[in-house]
Amino acid sequence: MKIARTDIVFAALAAITGGITYARFGGGAVWESVERAGTLLLVVLPQLAAGLLIGGLVTRLVSREKVARWLGGSSGMTGLLLASLAGLLTPGGPFTSFPMVYALWIAGADAGALIAFISAWSLLGFNRLIVWELPLLGVEFTMLRFVVCLPLPVIAGLIARRLGRWSAFRLDDPAGRAE
Amino acid sequence: MNGPLILVWLAVIVLAVMVWRREGVVGLKEGGVSALGIAKTLSLRLPLALLTASFLIHIIPVEQMTRLIGPTSGLAGIITAALVGGLLPGGPMTSFPIAIVFMHAGAGVPQMVALVAGWSVFAMHRMLAYEAPIMGWKFIALRMGSSLILPVLAGLFAEGIVAVVGEIALP
């Protein structure tokens, strides 16, 4: 298996945070974290597999031209609204949504649409709202939070299109992303 | 099996049937190959990322931050709450219970809105565990740049609404 630079970064992060945990809370806390991470991995795997398959299948169904037309750089306000709606409706956790963002990226969606999609998923996603926020934080608070967040994905998409003019924020072509 | 999991696998089945009807077995194979490609990339970094995230749950001092985000803390409190939200460790199963702790400790409603929005947008844990491995750091830079003001906007909108409709009932 090839080990990319990103993998080394992640190994270093795990080592540093693990070292801090050990120094401050001892070996028990480290072991507890390892167990928690293992459990989390097992919980996540079936959803991650589904997310990757959804991403792969969507690339077969939606042609490059269509995505480029609906969500590409010249899709304007409609593209941002469409992307936001798609993000709001996307079920599952980050292990489902990010593979979908990646698939849309490969298929020709522009930076604004990608940002609007992921912002809508994270701020307005129904799944988490129903499962966690509603029971734990109450109906009134959840409604207030949802309503004030409603316009935010489109705003983020507009900002992303502006930022894309600077090279620091311009996304590379995903096809050229060597792993 | 839980509800969301059934839902995503139903989506997989529906999409697979659609692909099969259009392209036959070849289309299904191609879709699988593309999924497997990303899975290979993730095989090493995802476990490492999850490990980092669970170490962070120990390291971040959550409860000391509550004092800064009371109902009278205004814009400064909203900005602080958005940052605190971004630092909340773990997925919804750990972060929402922590959010309740803040709420009961006396955080203001607009500040709580900014906190939950900040967690939704910045979620450091999610960024490390899924976004960086799948989308790369440049995408994260763009997304952070684009969404920096979102939780603050949410808090300010909420402050406006609370000023009009009065206090919000909390559980």
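The values are calculated or read from the model by the stated rules, or taken from the named source; none is laboratory data. Bear in mind that the values here come from a model prediction, so they are computed numbers and not experimental data. All Cβ positions, glycine included, derive from the backbone under ideal geometry; neighbour counts span all protein chains shown.
Points to keep in mind about this one:
- Condition met for A:Val101 (buried (at least 24 other Cβ atoms within 10 Å of the Cβ) and either among the aliphatic types (A, V, I, L, M) or in contact with a Lys or Arg (Cβ under 9 Å, 6 or more places away or on another chain) (or both)): yes
- For the criterion of being facing chain A (nearest Cβ under 9 Å), closer than 15 Å to A:Val147 by Cα and either among the hydrophobic types (A, V, I, L, M, F, W, C) or under 13 Å from the mean Cα position of the chain (by Cα) (or both), B:Leu156 passes.
- Qualifying residue in region A:138-145 (condition: among the hydrophobic types (A, V, I, L, M, F, W, C), in contact (Cβ under 8 Å) with a residue 12 or more places away in the chain and out of contact with any Ser or Thr (no Cβ under 8 Å at 6 or more places or on another chain)): no
- A Cβ distance below 8 Å, combined with a sequence gap of six or more or placement on separate chains, defines the contacts here; from region B:29-42, residues that are without any contact (Cβ under 8 Å) to a residue 12 or more places away in the chain reach residues that are among the hydroxyl-bearing types (Ser, Thr, Tyr) in the pairs B:Ser34/A:Thr59.
- Filtering region A:37-46 to residues that are buried (at least 19 other Cβ atoms within 10 Å of the Cβ) and free of Cβ contacts under 8 Å to residues at least 12 places away in the same chain leaves A:Ala37, A:Leu40.
- Single residue of region B:6-20 satisfying the filter (more than 7 Å from chain A (Cβ to nearest Cβ) and modelled with pLDDT of 90 or more) that is farthest from A:Ala49 (Cα to Cα): B:Trp20
- Scanning region B:137-171 for residues being surrounded by 20 or more Cβ atoms within 10 Å (Cβ to Cβ) and within 22 Å of A:Val101 (Cα to Cα) gives a total of 7.
Every residue, every condition in (1) assigned to a helix (DSSP H, G or I); (2) surrounded by fewer than 20 Cβ atoms within 10 Å (Cβ to Cβ); (3) more than 8 Å from every other protein chain (Cβ to nearest Cβ), yes or no:
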| residue | (1), (2), (3) |
| --- | --- |
| A:Thr6 | yes, yes, no |
| A:Gly26 | yes, yes, yes |
| A:Val34 | yes, yes, no |
| A:Leu48 | yes, no, no |
| A:Ser97 | yes, no, yes |
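- Flag for B:Ile134 being outside any helix (DSSP H, G or I), in contact with a helix residue (DSSP H, G or I) (Cβ under 8 Å, 6 or more places away or on another chain) and buried (at least 17 other Cβ atoms within 10 Å of the Cβ): no
- Selection count, region B:23-42, where residues are more than 7 Å from chain A (Cβ to nearest Cβ) and of a type outside the set (Val, Ile, Thr): 7
- Some residue of region A:68-83 being modelled with pLDDT under 80 and in a helix (DSSP H, G or I): yes
- Looking only at region A:47-86, residues that are touching a residue at least 40 places away in the same chain (Cβ under 8 Å), under 29 Å from B:Val25 (Cα atoms) and under 18 Å from the mean Cα position of the chain (by Cα) come to 11 in all.
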